[in-house]
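Presented below is the structure to which this report refers.
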Amino acid sequence: MAIKERMSGNEAVSYAIRQVNPDVMPAFPITPSTEIPQMVSTYIANGEMDTEFIPVESEHSSMSAAIGAEAAGARSLTATSSAGLALMWEELLLAASNRLPLVLALVNRTLSGPININCDHSDGMGARDTGWIQIYAENNQEAYDNFIQAYPIAEDARVHLPVMICQDGFITSHAVENIMLLEDAPVREFVGEYEPEEYLLNPGKPIAVGPYAVSNYVMEAKKNQEIALENSKEVILEVAERFKKLSGREYGLFEEYRTEDADYIMLIMGSAAGTAKQAVDDLRERGKKVGVLKLRVFRPFPAEEIAGALRNCKAAAIMDRCESYNGNGGPLGSEVDAGLFRNKVMIETVNYIYGLAGRDFTVGDACGIFAELEDMVVNGKEIEQYQYVRLRK
């Protein structure tokens, strides 16, 4: 039976962690994710869960401890943001290459400098090539639901990779919204018990984790890791189907919002998708054929599926809440365009950089972007292909 509640995104993820009741949580505080280890430690202190909480001296240590616990056979997780994720850089690669199915709750916050504590995706995008599965949420409900699905994805034998569950700092992490929670018992049954086949503390079968490998073997290990990431796409969809039966809420690699006949589509991730959807509703009332493709799963990147979803539109706005510093666009801009080209979908695209360090992104901004796309297609107006939204002159 569903439980109606009002929660912030951090509260929702913490509640999901309590329900999953993992074995070990090392953590170090950093805004805006600090509330997650704070709330989980309170649950533990109150006897509501029996997770072993480990306070550590840095985020590098928290991921190191999570890796050690996971390698020993314990279901593990941690939480962080921004510079905390950057400090974990070495360990992120180790977690993925050692095929450890731990989970990280990432509350997205801009990376310095200048120092800023507000939302963009520069932390998560900076870790995009570390081998982690990355799943983004539009709102608090999705942050909760995504976390419950994380371990069944990570621990599947076809995958065995770590999962990063991402939500936008302050916008969802601290804002309170109505939410539908699941009861504890169905969540525990859905997630199940962790039964690793190989682990360090198995006295009958000693193994090494992270040993030195000579050149004859490293490429094969990397290829197997890539195959696991490809496999995760199917597993993500299977877990989502099981979750739909449990909750009634449906998830995929992305969500298509009013795209079935859309001439112009905005591809976007995270909380700003709600703003884009409102703009679509407003423009539809004026007879404009527009839609939103909200990307949920960034890793593995669903290039073929995105190309199929955009195939019949005339132009797409690709929205990046991160600067890639390559002189050519943001991460989404690069990957979507490459996916379209490889799948021979030759539509017009424009890459927009928006919302850096918490800069506002409004319904009016989204409407203006749709108008610009239409002007480009209908009137042949030349549009700057890589531009910032709301940049002060």
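Numerical summary
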| read-out | value |
| --- | --- |
| Kirkwood estimate for segment 254-388, i.e. one over the average of 1/r between Cα atoms, Å | 14.6 |
| Taking W89, W132 and counting other C-beta atoms within 10 Å, the order from fewest to most | W89, W132 |
| In range of the label at K245: residues from segment 184-226 whose backbone nitrogen is under 15 Å from the point 7 Å along Cα→Cβ | 186-187, 189-192 |
| Which of Y212, Y151, Y136, Y386 has the fewest Cβ neighbours within 10 Å, and the rest in rising order | Y212, Y386, Y151, Y136 |
| Extension gain, S334 back to D360 (0.36 nm per residue minus Cα-Cα distance, nm) | 7.0 nm |
| Nearest 10 degrees, 0 to 90: helix 59-71 Cα axis against the chain principal axis | 60 |
| Projected label distance in nm at D184 and Y325, using a 7 Å step from Cα toward the beta-carbon | 4.6 |
| Three-way shape label, segment 1-154, alpha-carbon gyration tensor, a/c 1.5 | rounded |
| Burial ordering of C322, C119, fewest other beta-carbon atoms within 10 Å first | C322, C119 |
| Inter-part distance where segment 276-322 and segment 146-200 are each reduced to a Cα centre, Å | 26 |
| Chain lengthening between E234 and Q385 when straightened (0.36 nm per residue, less Cα-Cα) | 51.0 nm |
| Cα long-axis angle, helix 140-154 against the chain (0 to 90 degrees, to the nearest 10) | 50 |
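The numbers here are math on the coordinates, done by the rules we state, and not lab data. The structure displayed is predicted, hence computed values, not measured ones. Note: ideal-geometry Cβ built from the backbone for every residue, glycine included; neighbour counts use all protein chains shown.
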